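To keep things clear, I will list the structure first and then write my remarks on it.
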Amino acid sequence: MLLGLLKISGYSLAPAFQEGDYVLVSKLPLLIRGVRPGDVVVFDHPLHGRLIKLVDRLACGGNQMFLIGLNADSIDSRSFGLLPTSMAQGKVIWHFQKSK
Amino acid sequence: MLFKLLESLDRVFKFETVRAHCDIPCGIYDPHQAQVAALSVIRMIDLMEELKNTHGPESIEYQNSMPRYVMVKEEHAELVKREIRVIYGDYMKQEHLDKYPELPGLVHKIMQLGSKSRQTASREQALELLNCVNRFAEIYWETKGIQVKRVKAPYKPGEEIVYPVL
């Protein structure tokens, strides 16, 4: 997705990203410089659907990404393994959260 | 203010949701349901045996009750498989597999015994299913750093199950 506005559902990236937050996501940064550790990316998992996770590290010459949530019970690469970086649909470029 | 604007736009245009998936509900896994389901399979087999001994297959009581026992046995054997699959697939991580190399084989055995418990009315196989589920429960609670105890369930069929010491 070139540019997309998405709403977060779930808690695996809490406290950084909360349920109900909005994120502006773009594929452009990934097209220009590729996926990097520290990116928060959106991707379509064949079993779990459209997910958002943090890129912890890259592997296999930068072609695979190890994705994590910020909670121990997160469904992420610790359970489903490495994913190709080509699966990243976009990177979070802006985060809108409720003021506390 | 910007967030409020987005909320208003969301109500109208229904923004796509992206899941920071953490399973539902987050962090709540418990093998107890699988254990109760395994006990239920054994109980149904016991009831089937009792019915066979007390009522002839031509009796209306037999014809009414036996299919019901079989149906409940089917449901609960499948429930065992589903509950274990969810905990194994969604909770267990590589570090758990490294620490408990028996896990994949144990889960496979539970899947097979769950199927056998549907296909047959073998109490022995149903008990073996319970034993394997109990071992899975022990491993699960160990990963949480919680001690367990083995006690006789306070209801029929009165077989041993693993409880966490909380």
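The values are calculated or read from the model by the stated rules, or taken from the named source; none is laboratory data. Just so we're clear, the structure is a prediction, and the values are computed from it rather than from any experiment. Quick reminder, even Gly has a Cβ in these numbers, built from the backbone with ideal geometry, and neighbours come from all protein chains shown.
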| task | Could you grab me the full set of residues in the stretch A:35-84 that are more than 8 Å from chain B (Cβ to nearest Cβ) and β-branched (Val, Ile, Thr)? | result | A:Val35, A:Val40, A:Val41, A:Val55, A:Ile68
| Does the stretch B:111-143 hold any residues that are part of a loop (DSSP other than H, G, I, E, B) and without any contact (Cβ under 8 Å) to a residue 12 or more places away in the chain, and which are they? | B:Thr120
| query | Looking only at the stretch A:77-92, which residues are at pLDDT 85 or above and loosely packed, with under 14 Cβ neighbours inside 10 Å? | reply | A:Pro84, A:Ser86
| Which ones in the stretch B:144-166 are assigned to a strand (DSSP E or B) and in contact with a helix residue (DSSP H, G or I) (Cβ under 9 Å, 6 or more places away or on another chain)? | B:Val148, B:Arg150, B:Glu160, B:Ile161, B:Val162, B:Tyr163, B:Pro164
| task | Would you check if A:Phe17 is within 7 Å of chain B (Cβ to nearest Cβ), touching an Asp or Glu at 6+ places or on another chain (Cβ under 8 Å) and within 22 Å of B:Met1 (Cα to Cα)? | result | no
| query | Only one of (1) out of contact with any helix residue (DSSP H, G or I) (no Cβ under 6 Å at 6 or more places or on another chain); (2) facing chain B (nearest Cβ under 9 Å) is not met by A:Gly90, so which one is it? | reply | (2)
| If only one of A:Ser74, A:Ser12 is surrounded by 16 or more Cβ atoms within 10 Å (Cβ to Cβ) and in contact with a Gly (Cβ under 6 Å, 6 or more places away or on another chain), which one is it? | A:Ser12
| task | Could you give me the residue pairs with C-beta distances under 8 Å whose first residue belongs to the stretch B:38-59 and is closer than 14 Å to B:Lys156 by Cβ, whose second residue is of a type in the set (Val, Ile, Thr) wherever it lies, and which are 6+ apart or on separate chains? | result | B:Ala38/B:Val80; B:Ala38/B:Val133; B:Leu39/B:Ile161; B:Ser40/B:Val72; B:Val41/B:Val80; B:Met44/B:Val70; B:Met44/B:Val72; B:Met48/B:Val70
